Amino acid sequence: MHDYIKERTIKIGHYIIETRNTVRKIAKEFGVSKSTVHKDLTERLPEINPELANEVKEILEYHKSVRHLRGGEATKIKYKRKTKTLVGKEKEAEGLA
């Protein structure tokens with residue numbers, strides 16, 4: 001394994017412990033794919049630093065346990081925005097008529 005991959009893996013491991021951010025957010029901040037972050041945390045980190053990997057594993061398991069709630073919240077927000085947009089367009093149409 002290349003040194004830069006080891007360094008990135010350890011940085012991501014420490015970062016997820018500090019921030020408790022999701023894999024998606026971390027991937028965006030580090031400029032890599034979600035798949036890369038996930039592979040770094042679940043496959044590479046245990047080989048490099050098993051203690052850190054155990055702490056990270058707990059966070060990932062928590063994220064997995066609440067993902068159905070996050071998905072539901074995202075959908076709720078999405079439809080709220082659509083409704084507001086439609087209501088705004090209806091009011092504009094009434095004002096023009």
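The values are calculated or read from the model by the stated rules, or taken from the named source; none is laboratory data. Computed from a predicted model, the values in this text were never measured in an experiment. Heads up, the Cβs are rebuilt from the backbone with ideal geometry, glycines too, and the neighbour counts pull from every protein chain shown. What goes into the accessible areas is simple: the full protein's heavy atoms, side chains included, and nothing from ligands, DNA or RNA. Shrake-Rupley method; radii C 1.70, N 1.55, O 1.52, S 1.80 Å.
Values for this structure:
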{"read-out": "First in the range 1-22 and surrounded by 14 or more Cβ atoms within 10 Å (Cβ to Cβ), second anywhere and among the small types (Gly, Ala, Ser), Cβ under 8 Å, 6 or more apart", "value": "Gly13/Ala53"}
{"read-out": "Test: residue in the range 30-43 that is touching a helix residue (DSSP H, G or I) at 6+ places or on another chain (Cβ under 8 Å), without any contact (Cβ under 8 Å) to a residue 24 or more places away in the chain and open to solvent by 90 Å² or more (accessible area, probe 1.4 Å)", "value": "yes"}
{"read-out": "Subset of the range 44-60 (residues that are touching a helix residue (DSSP H, G or I) at 6+ places or on another chain (Cβ under 7 Å) and under 19 Å from Met1 (Cα atoms))", "value": "Arg44, Leu45, Pro46, Ile48, Asn49, Leu52, Ala53"}
